[in-house]
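Below: one structure, written as structure tokens.
Values in this text are rule-based calculations from the coordinates and carry no lab data. Keep in mind that this is a model prediction, so the values were computed, not measured. Positions of Cβ are generated from backbone atoms using ideal geometry, with glycine treated the same way; all protein chains shown enter the neighbour counts.
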Amino acid sequence: MDSELCMDKQLIKKLESEPIEASAPCRIDMGGTLDISTFSYPMRYLAPCTFNIALGLRTRVRLLPYSKGRIKISSRGFKDAQFAADAAPFDHPMGLMFATGAYFNAHGIHIDIDSQSPPRSALGGSSVAAVALVAAFSKLLNLDKAEARLNRRSIALTAFQIEQSVAGVPCGIQDHLAAAYGGVNIWHWRPDSKQSVFRRQCAVRKASHKKLERHLLVAYCGHPHVSKDINGMWVRQFLSGRCRDLWAEIILCTRRFAAALITGDYRQAADLMNRETAIRRTLTPDVLDNVGEKLVNLARQNNCGARFTGAGGGGCLWALGKIENIDRLRPMWEKTLSAREEARLLDVKIDHRGLVVE
């Protein structure tokens, strides 16, 4: 992907009249962390995979003109930040966005980010924004080129590689892929230099998305998550040789869960979700806060599965089960969430569009 961006007057004038906008969906998941190469490479023989569902809570990125030689980022939930383009910090709360701008040598640009998901909700929001931003800059670079077109794979991989370069911890790629492709997918990790790093398997086709939505709940616990510490603990445990049998079981749970969902066996899928969550709580007991614990217990009592999104530690949980069990669970989760400010059920709409550039 071309990374040479020249912010000439003609380009700035073009942005003044036609701001570039891109948007992408967030996700809920099962089998996260397995998309990190620290895990997928050594455990290749177990065929690790990650399941995720793209949600219609989209993150929109707009490119606008700004002061010469500077870059500004605005995002709901964060204080506006602006720096000289060649001195923008990558360890800033919005450092990934500054790093993405630096990759394209962007200056004289205002990056405006608007997300429909709660800030730091463990729905993959920062990675989603990075995917949308890479797409927006790619469109800007190709404004007058006939061959310009949306390459989801290239955009997802570029956003992932930028994030991995500045995160300071090992990163996974599932968030970027859900953002780029949308839908309900199983991502098979293929650590083989002769093949693509992933293989996409559609788990539920678009025509069945409405039906699947009735089997789902997604809750925001009102407490922002911090995934770096939890992911870091998992990585350190794994590298030291501890708990690898549990990670092998997580891989097996994820594969069986995906198979159960494909066949519509929601009771089996729920049981596997709960087992996977229990294993993760063994690895890191604080992966759930007190509200999360209550939600998980209620789900189990009502024959539903419940799992935190991403690496947990606050943010969101999601539940899966038969329709009658989900309908019974919904008011119980609502009552539990009402005790904490900002906690609430989120609208569950499966996004089939993935990345969109306008």
>> For Gly182, what residues show an amide H to amide H distance below 5 Å, using hydrogens built from the backbone and excluding near sequence neighbours?
In response: Gly354, Leu355
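Run lengths n ≥ 4 of DSSP H only: what is the helix-derived mean residue ellipticity at 222 nm for the chain, with -39500 (n - 2.57) per run over all residues, to the nearest 500? Walk me through the intermediate numbers first.
Working: 12 runs with 144 residues, N = 358.
Rounded to the nearest 500, the figure is -12500 deg cm²/dmol.
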> If we count every other residue with Cβ under 12 angstrom of Cys49's Cβ, Lys/Arg +1 and Asp/Glu -1, where does the sum land?
Replying inline: +4
>> Please compute the length gained on full extension between Val169 and Glu341, using 0.36 nm multiplied by the number of residues separating them and subtracting their Cα-Cα distance.
In response: 58.8 nm
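Take the alpha carbon atoms of region 147-253, find their radius of gyration, then divide it by 2.2 N^0.38 Å using N residues; give the quotient.
1.29
Which whole-number percentage describes the relative contact order of the chain, with Cα contacts under 8 Å and a sequence gap of 6 or more? Numbers along the way, then the final one.
Working: 754 pairs, mean separation 84.2, N = 358.
Over the chain, the number comes to 24 percent.
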> Label point 7 Å out from Asp327 along Cα-to-Cβ: which residues of region 186-222 have amide N under 16 Å?
Replying inline: 211-217
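Give Lys72/Lys210; Lys294/Lys322; Lys72/Lys206; Lys13/Lys206; Lys14/Lys349; Lys79/Lys211 a once-over and call out the pairs whose C-alpha atoms are over 28 Å from each other.
Details: Lys72/Lys210 39 Å; Lys294/Lys322 20 Å; Lys72/Lys206 38 Å; Lys13/Lys206 40 Å; Lys14/Lys349 35 Å; Lys79/Lys211 40 Å.
Flagged as over cut-off: Lys72/Lys210; Lys72/Lys206; Lys13/Lys206; Lys14/Lys349; Lys79/Lys211.
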> Check Thr59: other-chain or 5+ apart residues with amide H under 5 Å from its amide H, H built from backbone geometry?
Replying inline: Ala24, Cys26, Gln116
> So what are the ³J(HN,Hα) numbers for region 67-77, from phi and the Karplus equation (6.51, -1.76, 1.60; θ = phi - 60°), rounded to whole Hz, Gly and Pro as x?
Replying inline: 4, 4, x, 10, 9, 10, 10, 10, 8, 4, x
> What distance in nm separates the simple spin-label points at Asp80 and Ser154, each placed 7 Å from Cα in the Cβ direction?
Replying inline: 3.4 nm
>> Just to confirm the number: angle between the C-alpha axis of helix 152-166 and the first principal axis of the chain, 0 to 90 degrees, nearest 10?
In response: 90 degrees
> Sorted by mean Cβ packing within 10 Å, highest first, what order do the peptides 340-348, 130-138, 303-311 take?
Replying inline: 130-138, 303-311, 340-348
> Mind listing the phi-derived Karplus ³J(HN,Hα) values for region 91-101, rounded to whole Hz, using 6.51, -1.76 and 1.60 with θ = phi - 60°, and x for any glycine or proline?
Replying inline: 9, 6, x, 10, x, 4, 5, 5, 5, 5, x
> Applying the Karplus parametrisation 6.51 cos²θ - 1.76 cosθ + 1.60 with θ = phi - 60° to the phi angles of region 305-320, what ³J(HN,Hα) value in whole Hz is obtained for each residue in order, glycine and proline being reported as x?
Replying inline: x, 9, 8, 6, 8, x, 9, x, x, x, x, 10, 10, 9, 10, 9
